[in-house]
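Read through the structure below, which is laid out as structure tokens, and then see the notes.
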Amino acid sequence: MATVVMTGGGVVGLITAMLLGQDGHEVTVLERDAAPPPSPLEAWSAWERRGVNQFRLGHFFMPRFREVVEQELPEVLKALEDAGGYRFNPLALAPSELTGGWRAGDERFEAITGRRPVFEAVIAACAERSPRVTVRRGDAAVGLTPGPSTSRDVPHAAGVRTDKGEELPADLVVDATGRRSPLPQWLTDMGAAPPHEELEDSGFFYYGRHFQSSDGQVPPALGPLAQSYGSVTILTLPCDNGTWAIVIVSSAKDKELRGLRDVDRWTSAVRSFPLVAHWTEGQPLENEIVTMSKIEDRYRRFAVDGRPVATGVVAVADSWSCTNPSLGRGVSIGTLHALALRDVVRQTDLGDPLSFSSAFDSATQDRVEPWYRMTLHYDRHRLAEIEAEIKGEHYDPADPEWELTQCLQHAGGRDPDCFRAGLAVNFVLSTPDEVLAQPGLVDKVMACGSDWRNAPSLGLNREQLTALVAG
Ligand SMILES: Cc1cc2nc3c(=O)[nH]c(=O)nc-3n(C[C@H](O)[C@H](O)[C@H](O)COP(=O)(O)OP(=O)(O)OC[C@H]3O[C@@H](n4cnc5c(N)ncnc54)[C@H](O)[C@@H]3O)c2cc1C
């Protein structure tokens, strides 16, 4: 069995550690933030997590996360439930005119979700209890220790250096230090070629607030979790213990909406959209509107021209690639990546580092990268659509993939098969290619969704919204 050192003990890092630990590997997780996880309910107000900027912004944990955790780490699912995680399935809640009634297989659409600090505290407590997983909080990694290379021009990492000057040897180093990962610098310091990197500011601005009900219930959903209204998208995200988050997403360039930082204007804006207005009827959990911007989309590939840039070290989840979060997929994509790593460790000899790195690169490309690309594709179009709306222009990019995405989302409100197909894609359960391969589905999507441009908007138009936000 291998000795694994992980850098970064965030939500996906800890899941990766548990997956490897239960296969018999000895896993040490170095987490820079010193504060230990408090009890899940104290985590919301008391857990200091400077290492994760988005820690207190609204999160939704997709059904794909639930599916992997239920299959691979059932004790984590149980602990999330015990901590008040909200289990729900839109197929069970939506009217039967929309769903066509319950069908075999609809269980896959079930989510368990909660506030990020609460869920991370639960996952952290499970990791602490996991045999063969040791989490060292307050220990930052500062670099890799080089070891004997098995291949010319490909440096090998044989462990990690900490900020206390300690050197931890490892058969495999797994970097999970998140979206600001220093791994490329560590690789350069070791003499490795730089990884391939694509980087851009996602261009979105997030204005969010959490609420809690007095009776432990979350408001009923009158539409999808993410609803697009011209130049804004509004997210309504159910969470644990009768809490929820509302997030307004705009373009970061949209200065006319900066007034949404003001609690009263933000509240008036949300209340002006009839399908989401009732979500403001709860006790706010923050005194202010929590904002975030300058969130980068970053893709990294650690093999260039078919050769790994280094061996003995891999990156998972956000450290590998991260996208704009308005589709709420980061944790699910990261969890799929953790699973891919677990499988490659099972199937490939770590004693042959070059083959191992190449196999993990292939698994990442085959099983995880398509989700990154799809998410990026959607974000780019949605941002361009928002910016066209701000200029009062019509957005028509003549991109068949965007056209089909829009048709699918629209058709979901009219046909039960299209409803399930749209949810499967949104929930990271099936790729568009997989759902559209169902016999007859493309025709149905086109028949039910191709008039999506004529759908009436059920909210304020741009002029009304900017006037309201201007006060
Ligand atoms: C605004 C926002 C909203 C989001 N909403 C959602 C959502 O609704 N649903 C969803 O699925 N995803 C969402 N995401 C994405 C999700 O937060 C990430 O995908 C997820 O946190 C990735 O987990 P991770 O373990 O890879 O990294 P992180 O959770 O970022 O953890 C990285 C860890 O590494 C530690 N670290 C950093 N440097 C070092 C070092 N040198 N040594 C040791 N430790 C170090 C940090 O302290 C941190 O604990 C959102 C992201 C943002 C920005």
Flag if Thr405 is crowded, with 21+ Cβ neighbours inside 10 Å, out of contact with any Cys (no Cβ under 7 Å at 6 or more places or on another chain), under 20 Å from Leu235 (Cβ atoms) and in contact (Cβ under 8 Å) with a residue 12 or more places away in the chain: yes
Boolean, Thr323 is within 16 Å of the ligand (Cβ to nearest atom) and either at pLDDT below 95 or among the aromatic types (Phe, Trp, Tyr) (or both): yes
The lone exception for Arg420 - which of (1) assigned to a helix (DSSP H, G or I); (2) among the charged types (D, E, K, R); (3) modelled with pLDDT under 95 it fails: (3)
The stretch 195-218, subset crowded, with 20+ Cβ neighbours inside 10 Å and among the small types (Gly, Ala, Ser), residue farthest from the ligand (Cβ to nearest atom): Gly203
Residue list for the stretch 127-159, filter: part of a strand (DSSP E or B), under 20 Å from Asp189 (Cβ atoms) and of a type in the set (A, V, I, L, M): Ala141, Val142, Leu144, Val154, Ala157, Ala158
Residue tally, condition more than 12 Å from the ligand (Cβ to nearest atom), touching a residue at least 60 places away in the same chain (Cβ under 8 Å), closer than 18 Å to Val331 by Cα and of a type in the set (A, V, I, L, M), over the stretch 81-113: 0
Any hit, the stretch 71-86, residues being among the acidic types (Asp, Glu), within 30 Å of Met1 (Cα to Cα), at pLDDT 95 or above and buried (at least 19 other Cβ atoms within 10 Å of the Cβ): no
Criterion: more than 16 Å from the ligand (Cβ to nearest atom) and assigned to a loop (DSSP other than H, G, I, E, B) - qualifying residue of Leu354, Leu275, Leu257: Leu275
Test: Arg32 is basic (Lys, Arg) and more than 12 Å from the ligand (Cβ to nearest atom): no
Within the stretch 179-245, strands (runs of 3 or more DSSP E) holding 3 or more residues that are of a type in the set (Phe, Trp, Tyr): 204-212
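The values are calculated or read from the model by the stated rules, or taken from the named source; none is laboratory data. Source: prediction; values computed, not measured. Note: ideal-geometry Cβ built from the backbone for every residue, glycine included; neighbour counts use all protein chains shown.
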